[in-house]
Amino acid sequence: MTLLVVGAALDDVVAGGSGAMIAETGTHPFVNLHAFTGHGELAFISRGRVWVLDGRAGTLRRLPTPGGYTPSSPVFSHDGRWLAYLARSGRSAYGPFELWIAHGDGTGVHRVRGLAVNQFIGWSPDTDLVAVTAGESTHVPYDSPTALDVISPPGHARALFTRGGEAAMMRHGAIRSAVWAPDGRSLAMSTYSPDPESGTQILDVPVRRGARPRRWFSIANTQHFAGAPGCGPHCLAKQTIADLAGWWPKWGLAFWVVTSGMDHNSDATPLAVLRTSGARPRVITHTLSDGTTDAVSSGPAGRLSVVASTSSAGREYALGKTVENCSPSTFRCAPIPGASTWTGQPLPCNPCFGAPATGRGSAVSLDPAWSPTGTLLAYVKAPAYRAAAGPDLAWYQAHELYVWNTRTNQTRRIGQLRGSSLPTWSRNGTSLLYVSGDGLWLVDPATGKTTEIEHPLYPETQWKNIGNDATLAFYGQIPWSRQFSWHSP
């Protein structure tokens, strides 16, 4: 594995100085350097490039992307020392990604060469290692990875698991998904093969050299998964795919259950947990599972919240979605107070189809985020809405930001903010970064004071045409989390 180190000519400091405010142009975004002073590092996608805003040095740095490539998924390491992001050729929406790594301030950018990334797993929770699944396969199933790798910041890759040749892939399948263990010592990995004699398994793959994977769960294609929905009178819920959702203290491994020959399920999908290796999976709720939005949030001391999705609402983001709090002792989830009731101004739509205007069910709640102490849960609430063309700008601009206090069981709205999405807590719990419109804002939860930090994230032509542009919003879902990462001090 080798590196391509990018020189200073491509690693471009656009502006510096903590008092600067950068005006938006056709080549770079609006950025408020002064307002971000002391707030750490912010990496975001804008104008088809990766940018790093350094709140300590007061600089905005433009990171390189090869011509014709689209960057995505910037993510800081656990300590903020490193940043990784992906880049994919614009000629293919399904081909492999390149992996790029830089220092946390955006300097020292380099591309990890010789690595075809299929899925970006992310940084270890306690060491400077980034995990990916890699190695394209056009066999079983199509375009799926065959190796699980970890990469150090200099770019040295090491395979923790490899499937082997084509015969092994046909018999045992390819890697479906992977997640880090809470202690960073291993990764959980699921595999799947449609071969009638094979099926799905979940393995615990240690990071240390020489350690062997341990099987947590397996199910054959001929077996029925208890708790999975059927697919009509002519078939049963067999051919299970375990799509890993996370590995959390007090819970264990969690995975979405996809069955009946489906490669993916964009409707309400069972979320199951495995407390320990060999345990019986327990379905705790149903959520969206296509990975576009953040449907699950874990916090300290076993805190877990989900965006539950009713089967009648399915994949439509503006109907039937409720933030719920889940208990690891009972394996049950319950709506937080007021999460499904809209008390704001009604949202006009013409025509409207089946969206209740008042009372329970008049709101959807989305984007849960636990505070660092696990005491507060931030989330977004919006009016339930169903219009002919799907959610539009007016619906997104009606979103409001709320915080639920677990100690008092009370919920309060943060200021008079409108148009809020994806709240993200600072590491000390005193600030929230959130999306509004097509940019990023900071808010003080105590006072409700807001400050715009950056815009745009997506091209304005996409954002302004959101109700009719399925390339950005699949049934109203926007992948905001793939556009930015924040490491606060």
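Here are the numbers for the structure shown:
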read-out	value
Among (1) over 30 Å from GLY467 (Cα atoms); (2) modelled with pLDDT of 95 or more, the one test that ALA279 misses	(2)
Residue that is charged (D, E, K, R) and within 28 Å of ALA384 (Cβ to Cβ), where the choices are ARG275, ARG315, ARG280	ARG315
Verdict on GLY55 being touching a helix residue (DSSP H, G or I) at 6+ places or on another chain (Cβ under 7 Å) and small (Gly, Ala, Ser)	yes
Residue that is in the same structural domain as ARG418 (by TED's automatic domain parsing), not in a strand (DSSP E or B) and not hydrophobic (A, V, I, L, M, F, W, C), where the choices are ARG280, ARG315	ARG315
Enumeration of residues in region 408-423 that are surrounded by 21 or more Cβ atoms within 10 Å (Cβ to Cβ) and outside any loop (DSSP other than H, G, I, E, B)	SER420, LEU422, PRO423
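The values are calculated or read from the model by the stated rules, or taken from the named source; none is laboratory data. Every value quoted in this text rests on a predicted model; they were computed, and no experiment measured them. No Cβ is skipped: glycine too gets one built from the backbone with ideal geometry, and neighbour counts run over all protein chains shown.
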